[in-house]
Amino acid sequence: MGRVALVTGGSRGIGAAISVALKAAGYRVAANYAGNEAAAAAFTAETGIPTFRWSVADYDACVAGIAQVEAALGPVEVLVNNAGITRDAMFHRMTREQWREVIETNLTGLFNMTHPVWPGMRDRKFGRIINISSINGQKGQAGQANYSAAKAGDLGFTKALAQEGARAGITVNAVCPGYIATEMVKAIDPKVLAERIIPQIPVGRLGEPEEIARCVVFLASDEAGFITGSTLSANGGQFVV
């Protein structure tokens, strides 16, 4: 049987594409979601991938949710930390709540999800942790001090944890998507997309969720065992590190 993969925020957008791609590659996949029950039910009906509801910002909920997944599918061997939110505002208008919500989900959520599965991965001498960061965690973005800080923190977490996991057969890597054609991005004013965003992307288009998913499938594979602590930028050349 295939390895067990758990994808947070795995029933919509980039997360849904990752869940589907991992299933197609032979993994037994569980998709976590935070609140949209209708979307999760539709996703499961369409794909056959089971969904489990909890907030990655809540450590105890993560422990309980992971236990549910493992009872249903087996020990989590691949964890994709994809769940994320935005609460955009220029810094002089940003509230403490907007800061806290984004940091707790987009950064602390990585600790909350990874910490409970880490001992089992160490014991089994195998694990794949893949953190979905962002181009804005690499270059920053006005109006996203909270989001950029969290996503940059994801990269530091990745690099540090990779060094701890290496001798136990656990790889920890990050993927930094650029502007991807998800519902959130497509909701941007078409004029803004056409005149201000797409011209900044050298390949001249938005990325597709499936292109990010293919990056994750590779990093999750046994063949990627020599790659750890790395950041894979998938942004159409918009920001070159």
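The values are calculated or read from the model by the stated rules, or taken from the named source; none is laboratory data. All values derive from a computational prediction rather than experimental measurement. Every residue, glycine as well, gets a Cβ built from its backbone with ideal geometry; the counts of neighbours run over all protein chains shown.
Annotations
- Some residue of the range 93-104 being at pLDDT 95 or above and closer than 17 Å to S11 by Cα: no
- Residue within the range 123-141 that is hydroxyl-bearing (S, T, Y), touching a helix residue (DSSP H, G or I) at 6+ places or on another chain (Cβ under 6 Å) and part of a helix (DSSP H, G or I) present: no
- Test: residue in the range 221-229 that is surrounded by fewer than 20 Cβ atoms within 10 Å (Cβ to Cβ), of a type in the set (A, V, I, L, M, F, W, C), out of contact with any strand residue (DSSP E or B) (no Cβ under 8 Å at 6 or more places or on another chain) and not in a helix (DSSP H, G or I): yes
- When F157, F239, F226 are checked against the criterion of being among the aromatic types (F, W, Y), in contact with a helix residue (DSSP H, G or I) (Cβ under 8 Å, 6 or more places away or on another chain) and more than 20 Å from L6 (Cβ to Cβ), F239 stands alone in meeting it.
- Yes/no for R124 being of a type in the set (K, R) and either closer than 21 Å to N82 by Cβ or free of Cβ contacts under 8 Å to residues at least 40 places away in the same chain (or both): no
- In the range 176-216, the residue that is modelled with the lowest pLDDT out of those that are surrounded by 20 or more Cβ atoms within 10 Å (Cβ to Cβ) and out of contact with any strand residue (DSSP E or B) (no Cβ under 9 Å at 6 or more places or on another chain) is T182.
- Candidates in the range 39-54 are the residues that are over 20 Å from M113 (Cβ atoms) and β-branched (V, I, T); of these, the one that is surrounded by the fewest Cβ atoms within 10 Å (Cβ to Cβ) is T44.
- Search result, residues across the range 168-217 that are farther than 23 Å from L110 by Cβ and either part of a strand (DSSP E or B) or among the basic types (K, R) (or both): K186, K191, R196, R205
- First in the range 202-223 and of a type in the set (G, A, S), second anywhere and assigned to a helix (DSSP H, G or I), Cβ under 8 Å, 6 or more apart: G204/I198; A213/I14; A213/A17; A213/I18; A213/V20; A213/A21; A213/L22; A220/L22
- Taking the criterion of being more than 7 Å from V4 (Cβ to Cβ) and touching a residue at least 40 places away in the same chain (Cβ under 8 Å), the residues of the range 68-77 that qualify are V69, E70, A72.
- Residue in the range 147-167 that is among the small types (G, A, S), surrounded by 23 or more Cβ atoms within 10 Å (Cβ to Cβ), within 17 Å of the chain's Cα centre (by Cα) and not in a helix (DSSP H, G or I) present: no
- Qualifying residue in the range 24-36 (condition: surrounded by 15 or more Cβ atoms within 10 Å (Cβ to Cβ), among the β-branched types (V, I, T) and either under 16 Å from the mean Cα position of the chain (by Cα) or more than 26 Å from P177 (Cα to Cα) (or both)): yes
- A single member of N112, N106, N136, N131 is among the polar types (S, T, N, Q) and under 19 Å from A224 (Cα atoms), and it is N131.
- Test: residue in the range 39-53 that is of a type in the set (D, E) and in contact (Cβ under 8 Å) with a residue 12 or more places away in the chain: no
- Matching residues in the range 51-97 - criterion: being among the acidic types (D, E), closer than 24 Å to V216 by Cβ and over 17 Å from the mean Cα position of the chain (by Cα): E70
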